[in-house]
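Before any comments, here is the structure.
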Amino acid sequence: MSALLTAPYETRRILDKYGIHAKKKYGQNFLIDAGIVEGIIRSAAITKQDCVLEIGPGIGTMTQVLSLEAGHVVAVEIDEGLRPVLAETLDACTNVTVLFQDILKTDIAAISRNYNQGRKLKCVANLPYYITTPILLQLLRENSCFDSITVMVQKEVAQRILATCRDAEYGALSLAVQYYARPEVAMAVPPSSFIPRPGVDSAVLNLNAFEAPPVEADADYLFAIVRAAFNQRRKTLANALSHGLSYQGYSPDRDAVVRALREMDLPADIRGERLSLEDFARLTHILHA
């Protein structure tokens, strides 16, 4: 195997050799901190019995260490320009398969069938900041494919994911993640752990997927209500839903929303940011009825 890329001098050698510059359009920052890499893999509890889906291997820094700990690694990379780099850095990693494609267009169930005999995968990802939310939601919607999901995200995004209706950061992302999983912070990651240094701190999250959602509701209708509530979060919930909610041809008028809120013992002028996931589920039931 090539020298481990968690040695910063080796990362710089590879970057210089191939003339690589971090591409902003892919949100690239290359991890160089061995302690962080080991901490991520420890948080994900990777063993030789596991097939790991890695999203965004970059130049192969975490992939190299995953290959030593996992039974098989399937790394999905969107940047075709990294093909010769990964051919060198992963030259001795015989248990690694690299797929050059967009994770948002990847059939994750097919990866489970083709590389893990249909068994559940473990996901490890250093998510590009510019596309964190779509990837997270894709992983959570397909959580039946995973034993565990461990992701590195911008600290600010982690705060939004963990927020409750008592927090300023609370929003649609908080509710979406908490509908599918119980998020926990595994570790903080400083900018010094990357080349080039990002202008923000990061955090590693474990997303512990629920066997079943913690609330019962029509999920499509629930999240149509959530999106409408937070798309116009300065408006009262009654105004936001009466102007912004349309689901299967139905748009509630303001009076219908106010009646539903009263049934829940909530004031007519409440904003969406004050409702918990359980509140939104109950509101969904009432409006659906």
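Could we say that Ser242 is hydroxyl-bearing (Ser, Thr, Tyr) and over 26 Å from the mean Cα position of the chain (by Cα) here? The answer is yes for Ser242.
Scanning the stretch 35-71 for residues that are open to solvent by 30 Å² or more (accessible area, probe 1.4 Å) and in a helix (DSSP H, G or I) yields a count of 6. Considering every residue within the stretch 205-220, establish whether at least one is aromatic (Phe, Trp, Tyr) and open to solvent by less than 50 Å² (accessible area, probe 1.4 Å). No - not one qualifying residue is present in the stretch 205-220. Can we say Glu54 is among the charged types (D, E, K, R) and either under 22 Å from the mean Cα position of the chain (by Cα) or farther than 26 Å from Thr133 by Cβ (or both)? Considered against the rule, which asks whether it is among the charged types (D, E, K, R) and either under 22 Å from the mean Cα position of the chain (by Cα) or farther than 26 Å from Thr133 by Cβ (or both), Glu54 comes out as yes.
Determine whether the stretch 87-97 contains at least one residue that is in contact with a Ser or Thr (Cβ under 6 Å, 6 or more places away or on another chain), modelled with pLDDT of 90 or more, among the β-branched types (Val, Ile, Thr) and more than 27 Å from Ser192 (Cα to Cα). Yes; the residues of the stretch 87-97 include at least one that is in contact with a Ser or Thr (Cβ under 6 Å, 6 or more places away or on another chain), modelled with pLDDT of 90 or more, among the β-branched types (Val, Ile, Thr) and more than 27 Å from Ser192 (Cα to Cα). The set of residues in the stretch 250-285 that are at pLDDT below 95 and in a loop (DSSP other than H, G, I, E, B) comprises Ser251, Pro252, Asp253. None of Ser192, Ser174 is exposed (fewer than 15 other Cβ atoms within 10 Å of the Cβ), part of a helix (DSSP H, G or I) and on the phi < 0 side of the Ramachandran plot except Ser192.
Within the stretch 197-219, residues that are under 14 Å from Leu277 (Cβ atoms) sit with their Cβ atoms under 6 Å from residues that are open to solvent by 20 Å² or more (accessible area, probe 1.4 Å) and of a type in the set (D, E, K, R), at 6+ positions apart or across chains, in these pairs: Val215/Glu278. Of the residues making up the stretch 92-110, those that are among the aliphatic types (A, V, I, L, M) and within 18 Å of the chain's Cα centre (by Cα) are Ile103, Leu104, Ile108, Ala109.
Given the residues Val153, Val124, which is the only one that is of a type in the set (Val, Ile, Thr) and touching an Asp or Glu at 6+ places or on another chain (Cβ under 7 Å)?
Matching residue, one of Val153, Val124: Val124.
Tallying residues that are crowded, with 18+ Cβ neighbours inside 10 Å and either in a loop (DSSP other than H, G, I, E, B) or at pLDDT 90 or above (or both) within the stretch 16-34 yields 5. Going residue by residue through the stretch 72-87, is there one that turns out to be in a loop (DSSP other than H, G, I, E, B) and out of contact with any helix residue (DSSP H, G or I) (no Cβ under 7 Å at 6 or more places or on another chain)? Looking for residues that are in a loop (DSSP other than H, G, I, E, B) and out of contact with any helix residue (DSSP H, G or I) (no Cβ under 7 Å at 6 or more places or on another chain), one finds none in the stretch 72-87, hence no.
Scanning the stretch 165-211 for residues that are over 21 Å from Tyr130 (Cβ atoms) and in contact with a Leu (Cβ under 9 Å, 6 or more places away or on another chain) yields a count of 11.
Counting only residues that are in contact (Cβ under 8 Å) with a residue 24 or more places away in the chain, part of a helix (DSSP H, G or I) and more than 23 Å from Val65 (Cα to Cα), which one in the stretch 90-128 is most open to solvent (accessible area, probe 1.4 Å)? Out of the qualifying residues, it is Leu104.
Among the criteria (1) small (Gly, Ala, Ser); (2) surrounded by fewer than 14 Cβ atoms within 10 Å (Cβ to Cβ); (3) within 27 Å of the chain's Cα centre (by Cα), the one Ala289 does not fulfil is (3).
The values are calculated or read from the model by the stated rules, or taken from the named source; none is laboratory data. Worth saying up front: this structure is predicted, and the values here are computed from it rather than measured. Heads up, the Cβs are rebuilt from the backbone with ideal geometry, glycines too, and the neighbour counts pull from every protein chain shown. What goes into the accessible areas is simple: the full protein's heavy atoms, side chains included, and nothing from ligands, DNA or RNA. Shrake-Rupley method; radii C 1.70, N 1.55, O 1.52, S 1.80 Å.
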